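Engineer: Have a look at this one.
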Amino acid sequence: MFKILEKKQLSADVFYMKVNAPEIAQNRKAGQFVLVQIDVDYGERIPLTIADANAEEGWLVLVFQAVGATTLKLSRKNVGDEIAAILGPLGNPTHIEKKGTVVCVGGGIGVAPLHPIVQAHKAAGNKVIVIMGARNKDLIIFEDEMRALADELYLMTDDGSAGEKGLVTEPLKKLCESQKIDEVVAIGPPIMMKFCAATTEPFKVPTTVSLNTIMIDGTGMCGGCRVTIGGKTKFVCVDGPEFDGHQVDWANMMMRMKAFKDREAEDMHKCRMEAQADSLANGGNK
């Protein structure tokens with residue numbers, strides 16, 4: 001069992017949980033993830049990236065969006081509650097070395113898993129430029145944490161309610177045009193990562209993306225997370241989660257994710273209806 005030490009709601013449906021997990025905290029590296037199962041005898045396992053960790057104190061931070069049945073149930077847990085199982089760290093860690101100038105682009109909740117990668121590149125002695133994007137100011141997360149690390153930070157919102165109005169690809173293109181960029185790391189919605197890769201490709205800037213496909217067992221056996229990279233089949237759980245953004249077959253990946261998300265939406269609706277029924281049965285006190 002993994003006890004929840006701290007819980008915060010970062011936006012309407014995004015939650016921050018600090019969880020006691022000493023062995024994972026001691027062994028994790030930037031870019032890795034865990035599989036979380038909230039019930040002992042039933043329930044799916046979901047992949048969540050590690051947003052922060054402390055090896056000495058033995059905790060790790062999970063940031064997730066309540067968009068499916070399991071994440072909705074997880075969001076209802078509170079400090080002192082326990083999570084049945086957390087498996088990890090899984091996946092290949094980010095390759096970190098002193099390169100020069102690294103631009104880290106995060107979209108929406110993708111800013112959270114980008115945080116340890118920014119930490120690691122900064123610790124390696126790189127100049128780190130951070131570009132953060134969100135639909136509006138209420139959906140911005142980890143701004144203070146990123147400002148404390150970044151040499152430069154660009155904040156973009158779709159509606160201009162914070163930072164500058166526009167897309168993350170706009171400052172990314174200007175940076176590629178104005179200076180030598182040694183690497184770009186992009187984490188966020190698939191469409192954002194796709195266009196970040198398209199933006200950097202003409203400049204021949206190496207671009208790493210962290211893919212967020214549906215994952216079941218985390219061992220490569222189920223095949224649910226398979227993607228096509230450079231014409232070859234890869235599995236995000238064991239071959240990734242990071243890949244060369246210029247080699248990803250984005251159309252195939254997004255088509256597969258849509259099929260899973262349609263089913264997930266059905267499960268989410270069912271979960272909300274059950275929660276509403278439970279609340280009514282208990283006099284509306286839940």
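The values are calculated or read from the model by the stated rules, or taken from the named source; none is laboratory data. The model shown is predicted, which means the values in this text are computed figures rather than measured ones. Cβ atoms come from the backbone with ideal geometry, glycine included; neighbour counts cover every protein chain shown.
Engineer: Can you name the condition, by its number, that Glu56 falls short on among (1) free of Cβ contacts under 8 Å to residues at least 12 places away in the same chain; (2) closer than 17 Å to Ile214 by Cα?
Structural biologist: The one condition Glu56 does not meet is (2).
Engineer: Restricting to strands (runs of 3 or more DSSP E) lying wholly in segment 69-175: which have 2 or more residues that are modelled with pLDDT under 95, more than 15 Å from the chain's Cα centre (by Cα) and of a type outside the set (D, E, K, R)?
Structural biologist: 85-90
Engineer: Next question, about the same structure. Within segment 30-43, can you find the residues that are crowded, with 16+ Cβ neighbours inside 10 Å and not small (Gly, Ala, Ser)?
Structural biologist: The answer is Gln32, Phe33, Val34, Leu35, Val36, Gln37, Ile38.
Engineer: Out of all the residues in segment 170-190, is one or more out of contact with any Ser or Thr (no Cβ under 7 Å at 6 or more places or on another chain), β-branched (Val, Ile, Thr) and in the same structural domain as Asn136 (by TED's automatic domain parsing)?
Structural biologist: no
Engineer: Now for a different question. Among what's in segment 176-221 and is within 22 Å of the chain's Cα centre (by Cα) and among the polar types (S, T, N, Q), pick the residue that is surrounded by the most Cβ atoms within 10 Å (Cβ to Cβ).
Structural biologist: Looking at residues that are within 22 Å of the chain's Cα centre (by Cα) and among the polar types (S, T, N, Q), I get Thr207.
Engineer: Moving on to the next point. Could you identify the single residue in Ile50, Ile131, Ile140, Ile117 that is in the same structural domain as Gly166 (by TED's automatic domain parsing) and touching a Pro at 6+ places or on another chain (Cβ under 9 Å)? Explain how you work it out, then say what you get.
Structural biologist: On the way: Ile50 fails: in the same structural domain as Gly166 (by TED's automatic domain parsing); Ile140 fails: touching a Pro at 6+ places or on another chain (Cβ under 9 Å); Ile117 fails: touching a Pro at 6+ places or on another chain (Cβ under 9 Å).
Result: Ile131 is the single residue among Ile50, Ile131, Ile140, Ile117 that is in the same structural domain as Gly166 (by TED's automatic domain parsing) and touching a Pro at 6+ places or on another chain (Cβ under 9 Å).
Engineer: So Asn20 fits all but one of (1) of a type outside the set (D, E, K, R); (2) in contact (Cβ under 8 Å) with a residue 12 or more places away in the chain; (3) farther than 14 Å from Met1 by Cα; what number is the exception?
Structural biologist: (3)
Engineer: Taking the condition more than 26 Å from Gln65 (Cα to Cα), in a loop (DSSP other than H, G, I, E, B) and either touching a residue at least 12 places away in the same chain (Cβ under 8 Å) or in contact with a helix residue (DSSP H, G or I) (Cβ under 9 Å, 6 or more places away or on another chain) (or both), does Ile181 pass? Can you show your working first?
Structural biologist: On the way: more than 26 Å from Gln65 (Cα to Cα): yes; in a loop (DSSP other than H, G, I, E, B): yes; either touching a residue at least 12 places away in the same chain (Cβ under 8 Å) or in contact with a helix residue (DSSP H, G or I) (Cβ under 9 Å, 6 or more places away or on another chain) (or both): yes.
Here the answer is yes, as Ile181 does meet what is asked.
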